[in-house]
Amino acid sequence: MIIRRLLALPLVAVIFIVGSCGKKTATLNLLVWEGYADSSFVHAFEEQNHCKVSASYMGSSDELVAKLRGGSAGNYDVISPSSDVATSIASAGLAAPLDLAKLPGYSQLSPQLTSLPLVRLKGQVYGVPFMWGPDPMIYDTTAFPRPPESWNIFWDPKYRGKISVWDDLSTVYMAAQVLGYDKPDPSQLYNLTDAQLDAVKKKLLEMKPNIRKMWSTGGELTNLFQNHEVVAAMGWPLMTNQLRKVNYPVGETIPKENTTGWIDHLMITAGSENRDLAYKFLEYMIEAQIQKKVTDVTGYTPANPQAAHFMTADEVKSLHLDNVDNYQKRLYFWQNVPRRAKYNEVWNEVKAAQ
C-alpha cells in the first residue's frame, strides 16, 4: 500500500519524503554544571541549528574528571570544567585544542580571564572562559539579621545540625582559609603540605556535629533551606538566585577570611563527533545577550563584559561588573591542585568519620 502511494506521487515528492525520513536530528551532548543548559537560552540554539541539546549535570569537578577518564569522553561533546581541573583535562588530552578563528566572539571576552594560563598548553587554547563567581556563604536572614562576619560560625555549637557544606574540595580550601594558610600567598590553598592537610582534617572533623548534610547538587541545598533544615551553608550564587525567586529570606556574603572562586570554561571533548556543532554552541554561549540570559538563571558573572549593556544598573552592581578588580581581590580563583589525590583522600576520611 505504501509503495503504491509513493508510485502515484511525482518523483520530486518521493525523493523529499524518503530524504526526510532518513535525516536524523543531530544531538549535542553536554556534561556541565547546573544552570548551563536552561531552556530559556538553549531552545533558541536548537531551533537555529535544527538540533537537540542533551545535558547531563555534574556535582563536582572530580565527578567530571572521573567520567572523562573512565572512557565516557566520547559520550559528550561539550564540557564546562572549572579552573581547578581545566588544566589537567587539557594536559591529559581529554579536550581538543580550539581553532579560535571559528570563535569570533572570543575577542570580546574579559582579558583578565583569557590571559590566565589555565587552558593554555604549548601555545594552544583548550577552552573559552564562560562564567565566573565565588563560593559564598548563603544564610537564612531570619536566623542572621546581619550578614555573618566569619566562616567560624560553621563551628559554633549554637548551630549544631544546622549547617551544610558542599561535598567537594572547596570545603577543604575553606577550612584552610579559616586556619590562615592562605596568608601571605593564597595559592598555598592548592599546595597544602601534609602537616597543613592534617590540621585541616582535624578542623573539619570538629565541624561535623554541625553538619546537617553535605550537598551534592544545587537543588539539594535549595531544598535544605526551604525545608528549614539548615540556616547557613557554603553554596553558589545559583542557589541564592533560586531561593530569591521563591521569596525565601536568603542572604549571601563573603566573610572576612574571603573565599575561593572559580572560572568555568567551555571545552570541546577530544572524542566529540559533532565538532562543527560544538563550535557553534561555544560561539553562541559567549555572545553578550546569551551571557546575560545565563546570568539571569545562575546569578554568575559573565565572561563577556559586553553583557552589561543588556543589564540594569542594579544588575551590573550586583554582579560586580562595575568594579571587577576590587571584587576579585576577595576571591582566590581555584587553581590546578598537583596533589589532588591526597586532598581527596583527606576529604573522604572526613566524610567517613562518625
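The values are calculated or read from the model by the stated rules, or taken from the named source; none is laboratory data. This structure is a prediction, so every number in the text was calculated from the model and none was measured. Because the Cβ atoms are built from the backbone with ideal geometry, glycine has one as well, and the counts that use them run over all protein chains shown. Surface areas here come from the heavy atoms of the whole protein model, side chains and all, with no ligands, DNA or RNA. Shrake-Rupley method; radii C 1.70, N 1.55, O 1.52, S 1.80 Å.
What pairs come out if I take residues in the stretch 25-44 that are farther than 16 Å from HIS265 by Cα and pair them with residues that are aliphatic (A, V, I, L, M) and surrounded by 14 or more Cβ atoms within 10 Å (Cβ to Cβ) whose C-beta lies under 6 Å away, six or more apart or interchain?
ALA26/LEU277; LEU28/VAL53; LEU28/LEU277; ASP38/VAL297; PHE41/ILE290; VAL42/VAL53
May I ask you to verify whether LYS122 is more than 24 Å from the chain's Cα centre (by Cα) and within 18 Å of MET267 (Cβ to Cβ)? Talk me through it step by step, then tell me what you get.
Details: more than 24 Å from the chain's Cα centre (by Cα): yes; within 18 Å of MET267 (Cβ to Cβ): yes.
When the stated conditions are applied, LYS122 passes them.
Can you name the condition, by its number, that CYS21 falls short on among (1) at pLDDT 95 or above; (2) in a helix (DSSP H, G or I); (3) open to solvent by 50 Å² or more (accessible area, probe 1.4 Å)?
(1)
Those residues that are exposed (fewer than 13 other Cβ atoms within 10 Å of the Cβ) and either touching a Leu at 6+ places or on another chain (Cβ under 9 Å) or of a type in the set (Lys, Arg) (or both), I need them from the stretch 297-344; list them, please.
LYS317, LYS329
Go through the stretch 175-198 and give me each residue that's crowded, with 19+ Cβ neighbours inside 10 Å and more than 13 Å from ASN258 (Cα to Cα).
The answer is TYR190, LEU192, LEU197.
State yes or no: is VAL172 in contact (Cβ under 8 Å) with a residue 60 or more places away in the chain, part of a strand (DSSP E or B), over 30 Å from ALA288 (Cβ atoms) and open to solvent by less than 50 Å² (accessible area, probe 1.4 Å)?
no
Restricting attention to the stretch 133-160, which residues are over 21 Å from TYR248 (Cα atoms), aromatic (Phe, Trp, Tyr) and open to solvent by 10 Å² or more (accessible area, probe 1.4 Å)?
Passing the criteria: only TRP155.
In the stretch 274-281, is there at least one residue being out of contact with any helix residue (DSSP H, G or I) (no Cβ under 9 Å at 6 or more places or on another chain) and open to solvent by less than 30 Å² (accessible area, probe 1.4 Å)?
Checked against the condition, which is being out of contact with any helix residue (DSSP H, G or I) (no Cβ under 9 Å at 6 or more places or on another chain) and open to solvent by less than 30 Å² (accessible area, probe 1.4 Å), the stretch 274-281 yields at least one hit.
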